[in-house]
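One structure is given below, encoded as structure tokens.
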Amino acid sequence: MAESTGTQAIDRAAQLLVRVVESTQPPSVGELAERAGLPKSTTSRLLAALERQGLVQRLGDRGRLHPGPVLLRFATGDSSSALQELAAPSLRRLADASGETINLAVPGHAGVEHLAQEDTAHFVGVTDWVGRRVPFELAANGKCFLAFGSANGLEDAEQIRARGYATSIDELEVGLAALSAPVLDSGGSAIAGLSISGPTARLTAKRIEELAPLLKDEAESLTRRLRGAA
């Protein structure tokens with residue numbers, strides 16, 4: 001009996017995972033429960049188990065469900081392959097155009113995970129972010145993941161979506177400024193982000209406005225490349 005119950009739980013969790021992956025729009029817990037014909041409490045418990053293993057993730061306090069970092073890594077190969085290879089030209093062009101530090105990041109289980117970096121041309125720059133995890137709400141790319149996934153817990157989500165990029169000024173660290181634009185999946189959710197970061201003395205409000213169109217163009221270009229377009 002116990003074995004049967006355990007198998008049933010595995011089957012239900014697997015079905016929920018498939019629904020999250022195949023949904024054209026990120027579903028809520030309630031929507032998944034309704035589609036699966038399960039009590040909301042049971043659905044929430046199964047999703048929590050999947051979330052602990054990095055198979056699904058919720059962006060925001062009550063965010064909708066997205067494929068988790070484990071699946072994203074699998075979909076793009078390991079952390080040094082497909083996504084980074086596709087993004088490399090954009091990172092290089094942004095570094096040449098801005099002279100600042102450029103990062104490629106993805107939403108992780110508990111924060112922003114940085115995959116690749118092009119360093120600044122200046123002696124005074126920022127640290128090496130590759131392999132580091134930072135809170136969503138403090139990082140420019142993290143704000144993109146929240147705004148283009150779930151607006152819960154992010155006051156300026158609507159503004160970020162409207163202008164197409166997010167900023168972080170003196171939030172993660174005093175003296176550090178950053179702007180980030182999202183790389184979107186077919187449903188309009190952010191699956192990665194490109195960012196430009198540097199000292200606030202160089203990345204002034206005026207300079208951010210100048211660089212934002214270039215950053216958005218490269219993020220849109222990477223979006224098209226990930227979808228198989230030119």
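Quick notes on this structure:
- Computed over protein heavy atoms with a 1.4 Å probe, the carbon and sulfur contribution to the accessible area of region 165-217 reaches 53%.
- With all protein chains kept in place, the per residue accessible area of region 175-230 amounts to 41 square angstrom at a probe of 1.4 angstrom.
- Solvent-accessible area of Leu172 with every protein chain in place, 1.4 Å probe, in Å² to the nearest 10: 60 Å²
The values are calculated or read from the model by the stated rules, or taken from the named source; none is laboratory data. Nothing here was measured: the structure is a model prediction, and the numbers come from that model. Ligands, DNA and RNA are excluded from the accessible area calculation, which covers all protein heavy atoms including side chains. Shrake-Rupley method; radii C 1.70, N 1.55, O 1.52, S 1.80 Å.
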